[in-house]
Amino acid sequence: MSQLAYTQDPAVALPGMLAGPFEDNDVRTAIASVLIQYGLGVAYTASGAANENPPGAKIPTVGATEVTDTLFLGISVRDPSRDRLTVGALISTGYAIDEPFPYLRKGRIWVLAEKAVAFGDPVFCRVTAGGAEVAGAFRDDADTADAFEIPGAQWFTPTTGAGLAIIELKPTQWAADS
């Protein structure tokens, strides 16, 4: 059968897609201890492996410690080879428990901003989610202590409302650098 419908203006990017220059990106591997969607913040958690190599990862949910301390790993990276992978009736939107996945430690990545952000604004990662909010999502303020600032991160592109934008990560003292 012939293709009868075409997208006139496809999306510029998708959450979790790397944004150049690629030679400056530091992408590492972790093991998911919970379902981890593309383009969300991830924090260290014990994986159960004796040597913790690669480390276990989860979505930050325990206050400032998992974002501003040495437990923050980075942002989950989209794997384009999985975009048509189906699990039941759902198209893959992330990584399953005990599955290895890539995360961006340093560099630029597309994410969904919860609200309007400006170039150079600080990046806050949500740890407390209510209603339609998503833990691990990003914004430019603390939202009354529900999100915490990521050291060494800034918004690289602006938005006029909630939508896709680029975050630039420049880690300072994160634990996984060792």
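Worth pointing out:
- Proximal lysines relative to K106, as straight alpha-carbon distance under 21 Å, when same-chain residues fewer than 8 apart are discounted: K58, K170
- Measuring r between the beta carbons of L4 and E99 and using R0 = 41 Å, the FRET efficiency lands at 0.70.
- Put in order of Cβ neighbour count within 10 Å, fewest first, the listed residues I75, I109, I31 become I31, I109, I75.
- Fewest-first sequence of R28, R78 by Cβ atoms within 10 Å of each Cβ: R28, R78
- Aspartates and glutamates whose Cα lies under 12 Å from that of K115, excluding same-chain neighbours fewer than 8 positions away: E133, D140, D141, D143
- Magnitude of the charge dipole, region 18-171, Cβ model with Lys/Arg +1 and Asp/Glu -1, debye to 20: 320
The numbers here are math on the coordinates, done by the rules we state, and not lab data. Nothing here was measured: the structure is a model prediction, and the numbers come from that model. Because the Cβ atoms are built from the backbone with ideal geometry, glycine has one as well, and the counts that use them run over all protein chains shown.
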